[in-house]
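Before any comments, here is the structure.
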There are 2 protein chains.
Amino acid sequence: MRIAQVAPLYEAVPPEAYGGTERVIAVLCDGLAAAGHEVTLFGPENSLTDATLQASEQPLRERFSSDELVNLAPHLHLQMLAEIYRRADEFDVIHSHLDIWTLPFTRLRDTPTVLTMHGRLDLDFLRDLLPRYPSVPLVSISDDQRLAVADFDLTWAATVYNGLDLTAYQDVPHDSDGYLGFVGRITEEKGPLAAIEISRRTGVPLRMAAKVDPLDVDYYEDEVKPEMGPDVDFIGEIDEQEKPAFYAGARATLFPSDWPEPFGLVMIESLASGTPVIALRRGSVPEVIDDGVTGFICDDVDEMVKAAERIGEIDPDACRRHAQRFSAEEMCRGYVEVYESLVAGAHQSG
Amino acid sequence: MRIAQVAPLYEAVPPEAYGGTERVIAVLCDGLAAAGHEVTLFGPENSLTDATLQASEQPLRERFSSDELVNLAPHLHLQMLAEIYRRADEFDVIHSHLDIWTLPFTRLRDTPTVLTMHGRLDLDFLRDLLPRYPSVPLVSISDDQRLAVADFDLTWAATVYNGLDLTAYQDVPHDSDGYLGFVGRITEEKGPLAAIEISRRTGVPLRMAAKVDPLDVDYYEDEVKPEMGPDVDFIGEIDEQEKPAFYAGARATLFPSDWPEPFGLVMIESLASGTPVIALRRGSVPEVIDDGVTGFICDDVDEMVKAAERIGEIDPDACRRHAQRFSAEEMCRGYVEVYESLVAGAHQSG
């Protein structure tokens, strides 16, 4: 199949540092190319892909001012979309990761388009906009993600869970006596203070591998740093090479994320390392964690403390086996199924 | 000719209150329809037009929160543009007043499009974006407006000066002994403090017909109001019916606008009333005012004070005659010329 993949221009694909969506797109492009599809990736320069790269810009995040990110970036994405849709006949399907910016162009060409919604959908302006395009096929990255717009009659093509190349995570031995781990951006909704509290109450040291975004510096300095003691090892952002050992060295990964997380790559990286996850019951969590088998799903911090004390009950091999559901292959298989149904539908109606 | 006119969705066409662009679009639609063209206006509900109205939304300004104006409004404009370009075959030419949002769609259909640039062009992101679409025909509303992007090889179809239906302004007798007038939003760049200073130094009372936007309340309260004395009559916003008498009752209109004004409707309303204009040499001013004949073009407030003392030298009838260059008919004639050249070019290449 001739597939156009459309990535945001902010970060390279894959990203040099933080950027979950870009990591997933990279894996998808390489997986589809390996399966013999003719894949064209529209995205920023510096991207490394087995697809044919059509690069239009250097990644924006590192070179744009905040003024440019607001005023110019949308127009560069629209320019790229116009170029893609001008060439729509070259593709059997267009798969866009630019979500709503893509919508108007779907009205102008017959090539089927599918949008993966990578973010939260419980925002007022999305609730106003999405019902205006009821027939555009959308993919959710968890079933829970759809609930915010369940009152509208939208066209959901599928839920396709995010996938990663997890092989590197499978080779490191899991340490059942290790620390408690926390991975993610330092921001209130990710629950870093809950992680510190759980560590303190269980007497197990905490290691935090976390990025502090410029926007979050105040929260980090004012709220998080004062709570840290000698039992908290804050090691800052870690790269892809460091992650497997970080996860495998933890007896459990804490995921006290207190917002409707659409997916949560941290959970699958942890599971692939044999490390169970102790998470709050929010968003996608019940779809990614098998409660009592690959970790514990909790309703509050008290329950997370109790879960941490019972973590020995979880079998690391069960975690690793479960992680196979979120492999690159599974994700690619899910998307190919979507593309095939769209192309069949297009032929049917066309 | 079958002409699509594309208006912003913020205000009705014409607007109920402030909104220069919408006033101009209204006059253009009515003028083109009167000349026998088949005009379709894409714009907000509540618009009153002799064109065929294709309304998609209630005007946004009165019902949208600031969050919606930022996050949702661009997507509603894109949705409207997609609908227009989906129907592009129904039109010989598409004339958009949505400026850069229109650009990507011009790549997707062959119907010629022309964009009138209604705002200032000396903004960094415009300098980055416009050269990416070098072949899209643009109309400037003054020659001066183009200077900010003169270093790029853009396609300028014409300068078409704004026009209004000025008949109502021509019937009120001009009062050469009247006050000094100021019309416009209260904001620093429009120079309200300069107007007060000129009035005070010449001993001629000032009448200000000015809107105070929510954004400008602080400037008004902190900077402008304390400068007002009994010689300043601040009457707030006036409507279309009140304007002719307001202008005609002034011996001169002060236009101390200290930014590159792309056009300046205030100047032509004043001239049509027989009232000369005393203006700073900025932006379009030397193209709209005939120095020494329909007013005075000055380099600073001192010169504006001297000009006010010499205002009796200006012939009100010369002002009224000069205003004819900015009639609705002249503007429509200018645009029809642009449309005809585009359609001829489209046939040539197509």
* Structure fact -> Condition set among the basic types (K, R) and under 19 Å from A:E16 (Cβ atoms), scope segment A:53-90, selection nearest to the other protein chains (Cβ to nearest Cβ): answer is A:R63
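Is it true that some residue in segment B:306-317 is within 22 Å of B:I141 (Cβ to Cβ) and not aromatic (F, W, Y)?
no
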* If we scan segment A:56-71, do we find a residue that is of a type in the set (A, V, I, L, M, F, W, C) and out of contact with any helix residue (DSSP H, G or I) (no Cβ under 9 Å at 6 or more places or on another chain)? -> yes
* Hits in segment A:124-142 - residues which are surrounded by 15 or more Cβ atoms within 10 Å (Cβ to Cβ) and either farther than 12 Å from A:F152 by Cα or of a type in the set (S, T, N, Q) (or both) -> A:F125, A:V136, A:P137, A:L138, A:V139, A:S140, A:I141, A:S142
* From the list A:S273, A:S284, which one is in contact with an Asp or Glu (Cβ under 6 Å, 6 or more places away or on another chain) and either surrounded by 21 or more Cβ atoms within 10 Å (Cβ to Cβ) or under 30 Å from A:A33 (Cβ atoms) (or both)? -> A:S284
* Structure fact -> In the set B:V293, B:V336, B:V343, B:V305, the lone residue that is of a type outside the set (D, E), in contact with an Asp or Glu (Cβ under 6 Å, 6 or more places away or on another chain) and surrounded by fewer than 20 Cβ atoms within 10 Å (Cβ to Cβ) is B:V343
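Taking the options A:F91, A:F42, name whichever one is over 24 Å from the mean Cα position of the chain (by Cα) and modelled with pLDDT of 95 or more.
Values: A:F42 fails: over 24 Å from the mean Cα position of the chain (by Cα).
Criteria check complete, one pass: A:F91.
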* Filter segment B:172-223 down to the residues that are more than 25 Å from the chain's Cα centre (by Cα) and of a type in the set (S, T, N, Q), then identify the one that is surrounded by the most Cβ atoms within 10 Å (Cβ to Cβ). => B:S199
* **Qualifying residues in segment A:97-111 (those that are more than 20 Å from B:R109 (Cβ to Cβ) and more than 8 Å from every other protein chain (Cβ to nearest Cβ)) - the one surrounded by the fewest Cβ atoms within 10 Å (Cβ to Cβ)** => A:D99
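I'd like to check something: does segment A:103-114 contain any residue that is within 18 Å of B:L103 (Cα to Cα) and in contact (Cβ under 8 Å) with a residue 40 or more places away in the chain?
So far as segment A:103-114 goes, no, none of its residues is within 18 Å of B:L103 (Cα to Cα) and in contact (Cβ under 8 Å) with a residue 40 or more places away in the chain.
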* To do: Return yes when A:V224 is assigned by the TED database to the domain that holds A:I268, touching a Leu at 6+ places or on another chain (Cβ under 8 Å) and assigned to a loop (DSSP other than H, G, I, E, B) and no when it is not.
  => no
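Take segment B:89-102 and flag every residue that is over 21 Å from B:P131 (Cα atoms), touching a residue at least 24 places away in the same chain (Cβ under 8 Å) and not β-branched (V, I, T).
Passing the criteria: B:E90, B:F91, B:D92.
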* Structure fact -> Condition set of a type in the set (A, V, I, L, M) and either in a loop (DSSP other than H, G, I, E, B) or touching a Cys at 6+ places or on another chain (Cβ under 6 Å) (or both), scope segment B:1-16, selection nearest to B:L342 (Cα to Cα): answer is B:M1
* Quick check: anything in segment B:259-277 at pLDDT below 95 and more than 30 Å from B:I94 (Cβ to Cβ)? -> yes
* **Of all residues in segment B:70-88 being without any contact (Cβ under 8 Å) to a residue 40 or more places away in the chain and within 25 Å of the chain's Cα centre (by Cα), the one that is surrounded by the most Cβ atoms within 10 Å (Cβ to Cβ)** => B:L78
* Criterion violated by A:Y169 - all others in (1) within 30 Å of A:L215 (Cβ to Cβ); (2) hydroxyl-bearing (S, T, Y); (3) surrounded by fewer than 20 Cβ atoms within 10 Å (Cβ to Cβ) satisfied -> (3)
* Asked: From the list B:V114, B:V160, B:V136, B:V93, which residue is farther than 18 Å from B:L28 by Cα and of a type outside the set (K, R)?
  -> B:V136
* To do: Determine if segment A:225-243 includes at least one residue that is of a type in the set (D, E), farther than 21 Å from A:V172 by Cα and exposed (fewer than 12 other Cβ atoms within 10 Å of the Cβ).
  => no
* Asked: For segment B:114-159, what are the residues that are within 19 Å of the chain's Cα centre (by Cα) and among the basic types (K, R)?
  -> B:R120, B:R146
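Suppose we keep only residues that are charged (D, E, K, R) and in a strand (DSSP E or B) within segment B:175-220. Which one would you say is modelled with the lowest pLDDT?
Keep residues of segment B:175-220 that are charged (D, E, K, R), which gives B:175, B:177, B:185, B:188-190, B:197, B:200-201, B:207, B:211, B:213, B:216, B:218.
With in a strand (DSSP E or B) added as a condition, the list becomes B:185, B:207, B:211.
On the way: B:R185: 89, B:R207: 97, B:K211: 86.
Looking at the filtered set, the residue picked out is B:K211.
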* To do: Only residues that are part of a strand (DSSP E or B) and closer than 21 Å to A:P104 by Cβ: list them for segment A:141-164, please.
  => A:T155, A:W156, A:A157
* In this structure, does A:D239 turn out to be farther than 26 Å from A:E309 by Cβ, touching a residue at least 60 places away in the same chain (Cβ under 8 Å) and either outside the structural domain of A:R146 (by the TED database) or touching a helix residue (DSSP H, G or I) at 6+ places or on another chain (Cβ under 8 Å) (or both)? -> yes
* Which residue out of A:E38, A:E16 is charged (D, E, K, R) and under 20 Å from A:R87 (Cα atoms)? -> A:E38
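The values are calculated or read from the model by the stated rules, or taken from the named source; none is laboratory data. Fair warning: this is a prediction, and the values are worked out from it, not measured in the lab. Glycine also receives a Cβ, built like all others from the backbone with ideal geometry; neighbour counts cover every protein chain displayed.
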